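Enquirer: The structure's right below; bear with me while I get my questions together.
The values are calculated or read from the model by the stated rules, or taken from the named source; none is laboratory data. The structure displayed is predicted, hence computed values, not measured ones. Here the Cβ positions follow ideal geometry from the backbone for every residue, glycine too, while neighbour counts run over all protein chains shown.
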Amino acid sequence: MTKYLLLFFVVAVFLSACKKNEDHVFDQTPDERINQALQNYQSQLSGAQSGWNAVLYPKGGGAYFFYLKFNDANRVQMVSDFDSASAVTVKESSYRLKALQQPSLIFDTYSYIHVLSDPDASVNGGTLGAGLLSDFEFYFNDSTSADTIKLTGRVNGSKMILTKANAEQATSYTSGQFNINLVKENFSKILEYFKRLTIGGIGYDVIIDPLNKTVIFNWTDAQGSIHTLTTTFYYTLNGIGFGEPVINGGTVITEFTGLSWSSGTNTINLTAGGGPATITGVIKPLVLDTEAPRRWWLKVKTNDEYWVTIDGFHVNGVDDAFNIKQIPNYSFMVFWPAFGTSGATTYDLAGFITEDSTGLALNFGAAYRAPNFTADGRVTFSLLGTLGTVPPEAQAAYDATSAKFAQAGGYYLIQTSDITYDMVAVSDARSWISWFYPF
Amino acid sequence: MSCMKRWMNLIVVCAGCLLFASCEKDSINPADADNINGLGGDTWTATAIDNWINDTLTTPYNISVKYKWDQFEDVADITSILVPPKEEYIVPVLSAVRQVWINPYIAEAGEPFFKKTTPKYFYMIGSPAFGPNQTIKLGVAEGGKKIILLAINYTKVKGMAGYNAADTFWAKEMFHTINHEFAHILHQTVLYPQDFKNLNPSLLTTNWTDYTDEDAPRDGFVSAYAMNNSDDDFVETISFMLINGRQWFEDLIASIPDGVTDRGTTKEQAIARLRSKESIIVNYYKQVWNIDFYSLQTRVRSAVVAQLY
């Protein structure tokens, strides 16, 4: 009996030795730590006296620059490169930091940053109900450092990178000196479609698409291999910055700055890749996609579809040079391969779409024989005749456009995205049409 | 034997002490709760807008208004992408709401009635909710407690920069939403007479989107949405009559054309139904809430006119 009692005693002692482990991984509670983290982010954001340069990369594509100045009372001032008005008008709105699943920064009343997220397509040119798939609620990434804050959007996963601005930038951005048209103004002085950037004797072809905030670089490296980089770009005080840099050996191009036009040499002088550079107009690209004309034609031919342009020909620096948008009730123009047959000849049609009482109508157009695709990457059109009756008010626009198609030397086709091609006159590269695929 | 028993008692006592005493727990300090992040809701430095809301709506009527974005705010069945409102719209819009909805009801029925009945919580959103088939949602109410006002960034009233006649659409829709939802609260508190439900049961349909607001009066409804169910018919009729005024209702009735609709309603039946709805509503307001509906209507309509025209 005593034996059992002793055993019971021993077991009781053994079981009651409940030792609590006091070695926490962190020496503060989760709440204390989250408050501390939020406080640190708050003082980092509002502590930057000159504010922050920020680049937002929406999930929907492109890149957008913001200058942001936070204070410690939930207010933020900003300008953005979305349009020329938002670049020069400082707008104040509210923000707050909040612990969601992670410490988060929320822009909680409407400002320029929300323009990109606005579901109203007429606000930002995005899709109805989604906008440009951007964000205005962000969480702080782990890699955030003292001078750089990296954020990720909580809804669409857009990225935003903030870097500390200096006093000079702060003054310029908040006093209406942010001119996003600087690059456009300089580039528009070059009448040729092809723009050649030259840095230290090396040439790069640059195609800028301001609408989608993307830029394409083409170049050949020292070994002669061809490189293409399509990257996003954003406007800065002195030029443009690129979402992804061009890296060619030791040359790294992250931005264009200090652009100025030299009318004597028809050249843009600028700083790029760490040194002086020039951009000039050329009539033939460094790298020509010789299969592009046929690919362009077949893309719509295969399913009996067509390419669309609204502006028609751009000639010598003038958009819609032949005033096709002045044609009464004009909607758009199409290029429709194998549209019909005349006698034994199947013809392609450059058709003019107008809107009448019953809807859209294709009442007239210029017919061309099957195009000729040359081995050196050109397409040429030869006029067959006129389909339908051209209204007298449209005659001048029609004549100029139909003759331009058939111009000697034909056209290069430059693919600018999955659904867009630019058709550039071979003779002087000063005339082109931008086609898009509407299906 | 007795020695044995004494031993046993001693051992039991010792073991018991060990069992109960060895595990000391920290007591909970209530002050630690202050560290919990977000406890008590979001906070921020109050601005002129916050003070205005507090002085104009929260203190007098216990109505709280949230206009800052909150991802976790319950927005009922809305799943669309939304954006927060522009700050410069908040005070003018709420001020108009006060003129068009709060003041007329208080003038007719007194403050105690209004304080007791009003929804207590407004949440404001900048964009409309874009739905499928090109529909947009401009307002939602949650069980008489909360009203979600959408499309604030479009809702301009007279006096705001760039105001023009086309903007009346958005403001009228918002006035309409609030009066619609408030009428829901009224009938959820005291139901309207059964006679109202018997007026046109066969014409009520959840496929009300198949009909246009222009066609609706020919079947005896003030709007297509009124066909949704009796409750919505009741509150849509109230809301349209209040916002648009008595003359509008008379014009609506006068505009019903001859002929029979697809659903077999004659012109006479349509007019009779609209008239019955009008008289049931007027009686309901008088008997249940002691409110002179026509007088309320005059007040609301003249406030709408003052805000918009």
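Enquirer: Could you say which residue among B:GLU214, B:GLU181 is under 27 Å from B:ASN133 (Cβ atoms) and either assigned to a helix (DSSP H, G or I) or touching a Pro at 6+ places or on another chain (Cβ under 7 Å) (or both)? Quick ask: steps written out before the conclusion?
Expert: On the way: B:GLU214 fails: either assigned to a helix (DSSP H, G or I) or touching a Pro at 6+ places or on another chain (Cβ under 7 Å) (or both).
None of the other options fit; the residue is B:GLU181.
Enquirer: Yes or no: A:PHE140 within 11 Å of chain B (Cβ to nearest Cβ) and of a type in the set (Phe, Trp, Tyr)?
Expert: Here the answer is no, as A:PHE140 does not meet what is asked.
Enquirer: From A:TRP336, A:TRP261, grab the single residue that is of a type in the set (A, V, I, L, M, F, W, C) and in the same structural domain as A:ASN186 (by TED's automatic domain parsing). Walk me through it before giving the result.
Expert: Details: A:TRP336 fails: in the same structural domain as A:ASN186 (by TED's automatic domain parsing).
Matching residue, one of A:TRP336, A:TRP261: A:TRP261.
Enquirer: Sticking with this one: Considering only segment B:253-272, state which residues are surrounded by 10 or more Cβ atoms within 10 Å (Cβ to Cβ) and assigned to a loop (DSSP other than H, G, I, E, B).
Expert: Residues of segment B:253-272 surrounded by 10 or more Cβ atoms within 10 Å (Cβ to Cβ): B:253, B:255-256, B:260-261, B:263-272.
Selection gives B:SER255, B:ILE256, B:THR261, B:ARG263, B:GLY264, B:THR265.
Enquirer: Got at least one residue in segment B:33-47 being farther than 30 Å from B:PHE293 by Cα, under 19 Å from the mean Cα position of the chain (by Cα), assigned to a loop (DSSP other than H, G, I, E, B) and within 14 Å of another protein chain (Cβ to nearest Cβ)?
Expert: No, segment B:33-47 has no match at all.
Enquirer: Could I ask something else about it? Report, by residue number, each residue of segment B:134-153 that is of a type outside the set (Val, Ile, Thr), in contact with a helix residue (DSSP H, G or I) (Cβ under 8 Å, 6 or more places away or on another chain) and without any contact (Cβ under 8 Å) to a residue 60 or more places away in the chain.
Expert: At the first step, the residues of segment B:134-153 found to be of a type outside the set (Val, Ile, Thr) are B:134, B:137-139, B:141-146, B:149-151, B:153.
Next, from what is left, pick out any that are in contact with a helix residue (DSSP H, G or I) (Cβ under 8 Å, 6 or more places away or on another chain): B:138-139, B:141, B:144, B:149, B:151, B:153.
B:LEU138, B:GLY139, B:ALA141, B:GLY144, B:LEU149, B:ALA151 - these are the residues of segment B:134-153 that are of a type outside the set (Val, Ile, Thr), in contact with a helix residue (DSSP H, G or I) (Cβ under 8 Å, 6 or more places away or on another chain) and without any contact (Cβ under 8 Å) to a residue 60 or more places away in the chain.
Enquirer: Only one residue in B:THR177, B:THR206 is within 24 Å of B:PHE293 (Cβ to Cβ) and polar (S, T, N, Q), so which one is that?
Expert: Numbers: B:THR206 fails: within 24 Å of B:PHE293 (Cβ to Cβ).
That would be B:THR177, the only listed residue that is within 24 Å of B:PHE293 (Cβ to Cβ) and polar (S, T, N, Q).
Enquirer: Output yes when any residue across segment A:344-356 is over 22 Å from A:ASP289 (Cα atoms), aromatic (Phe, Trp, Tyr) and over 35 Å from the mean Cα position of the chain (by Cα), and no when none is.
Expert: Going residue by residue through segment A:344-356, those that are over 22 Å from A:ASP289 (Cα atoms) are A:344-356.
Of the ones still in play, those that are also aromatic (Phe, Trp, Tyr) are A:347, A:352.
Restricting the remaining residues to those that are over 35 Å from the mean Cα position of the chain (by Cα) gives A:347.
Scanning segment A:344-356 turns up at least one residue that is over 22 Å from A:ASP289 (Cα atoms), aromatic (Phe, Trp, Tyr) and over 35 Å from the mean Cα position of the chain (by Cα).
Enquirer: If you go through segment B:97-119 one residue at a time, do you hit one that is within 14 Å of chain A (Cβ to nearest Cβ), surrounded by fewer than 18 Cβ atoms within 10 Å (Cβ to Cβ), under 21 Å from B:THR56 (Cβ atoms) and over 16 Å from the mean Cα position of the chain (by Cα)? Give the derivation first.
Expert: First, the residues of segment B:97-119 that are within 14 Å of chain A (Cβ to nearest Cβ): none.
No.
Enquirer: Scan B:SER202, B:SER223 and give me the residue that is modelled with pLDDT of 90 or more and of a type in the set (Ser, Thr, Tyr). Give the derivation first.
Expert: Working: B:SER202 fails: modelled with pLDDT of 90 or more.
From the options B:SER202, B:SER223, the qualifying one is B:SER223.
Enquirer: Then there's this: For segment A:268-294, enumerate the residues that are surrounded by fewer than 19 Cβ atoms within 10 Å (Cβ to Cβ), outside any loop (DSSP other than H, G, I, E, B) and over 24 Å from the mean Cα position of the chain (by Cα).
Expert: The answer is A:GLY275, A:PRO276, A:ARG294.
Enquirer: Also, I was wondering about something else. Out of all the residues in segment A:28-41, is one or more within 13 Å of chain B (Cβ to nearest Cβ), assigned to a strand (DSSP E or B), touching a strand residue (DSSP E or B) at 6+ places or on another chain (Cβ under 9 Å) and buried (at least 17 other Cβ atoms within 10 Å of the Cβ)?
Expert: no
Enquirer: Would you point out which residue out of B:LYS158, B:LYS116 is part of a loop (DSSP other than H, G, I, E, B) and of a type in the set (Lys, Arg)?
Expert: B:LYS158
Enquirer: Inside segment A:105-117, can you point out the residues that are within 16 Å of B:ASP42 (Cβ to Cβ) and more than 9 Å from chain B (Cβ to nearest Cβ)?
Expert: First, pick out the residues of segment A:105-117 that are within 16 Å of B:ASP42 (Cβ to Cβ): A:105-109.
Within segment A:105-117, A:LEU105 is the sole residue that qualifies.
Enquirer: Mind listing whichever residues of segment A:164-187 are part of a loop (DSSP other than H, G, I, E, B) and without any contact (Cβ under 8 Å) to a residue 24 or more places away in the chain? First the steps, then the outcome.
Expert: Going residue by residue through segment A:164-187, those that are part of a loop (DSSP other than H, G, I, E, B) are A:165-166, A:175-181.
Hit for segment A:164-187 is A:SER175, nothing else.
Enquirer: If a residue must be without any contact (Cβ under 8 Å) to a residue 60 or more places away in the chain, of a type in the set (A, V, I, L, M, F, W, C) and surrounded by 15 or more Cβ atoms within 10 Å (Cβ to Cβ), how many such residues does segment A:380-405 contain?
Expert: 6
Enquirer: A further question follows. I'd like to know if segment B:205-226 contains one or more residues that are hydrophobic (A, V, I, L, M, F, W, C), out of contact with any helix residue (DSSP H, G or I) (no Cβ under 6 Å at 6 or more places or on another chain) and surrounded by 19 or more Cβ atoms within 10 Å (Cβ to Cβ). Quick ask: steps written out before the conclusion?
Expert: Looking only at segment B:205-226, we keep the residues that are hydrophobic (A, V, I, L, M, F, W, C), and these are B:208, B:216, B:221-222, B:224, B:226.
Narrowing the set further to residues that are out of contact with any helix residue (DSSP H, G or I) (no Cβ under 6 Å at 6 or more places or on another chain) leaves B:216.
Those left that are additionally surrounded by 19 or more Cβ atoms within 10 Å (Cβ to Cβ): B:216.
Within segment B:205-226, one or more residues are hydrophobic (A, V, I, L, M, F, W, C), out of contact with any helix residue (DSSP H, G or I) (no Cβ under 6 Å at 6 or more places or on another chain) and surrounded by 19 or more Cβ atoms within 10 Å (Cβ to Cβ).
Enquirer: What is the residue count in segment A:109-130 for residues that are touching a helix residue (DSSP H, G or I) at 6+ places or on another chain (Cβ under 6 Å), assigned to a loop (DSSP other than H, G, I, E, B) and within 17 Å of B:TYR89 (Cα to Cα)?
Expert: Counting residues in segment A:109-130 that are touching a helix residue (DSSP H, G or I) at 6+ places or on another chain (Cβ under 6 Å), assigned to a loop (DSSP other than H, G, I, E, B) and within 17 Å of B:TYR89 (Cα to Cα) gives 2.
Enquirer: Kindly check whether there is at least one residue in segment A:422-429 that is of a type in the set (A, V, I, L, M, F, W, C), buried (at least 16 other Cβ atoms within 10 Å of the Cβ) and farther than 21 Å from A:PHE373 by Cβ.
Expert: Of segment A:422-429, the ones of a type in the set (A, V, I, L, M, F, W, C) are A:423-426, A:429.
This time we only want the ones that are buried (at least 16 other Cβ atoms within 10 Å of the Cβ), so: A:423-426, A:429.
Pick out the ones that are also farther than 21 Å from A:PHE373 by Cβ and you get none.
Checking segment A:422-429: not a single residue is of a type in the set (A, V, I, L, M, F, W, C), buried (at least 16 other Cβ atoms within 10 Å of the Cβ) and farther than 21 Å from A:PHE373 by Cβ.
Enquirer: A further question on this structure: Residues of segment A:198-229 being under 17 Å from A:GLY274 (Cβ atoms), in contact with a His (Cβ under 8 Å, 6 or more places away or on another chain) and without any contact (Cβ under 8 Å) to a residue 40 or more places away in the chain, which ones?
Expert: A:PHE217
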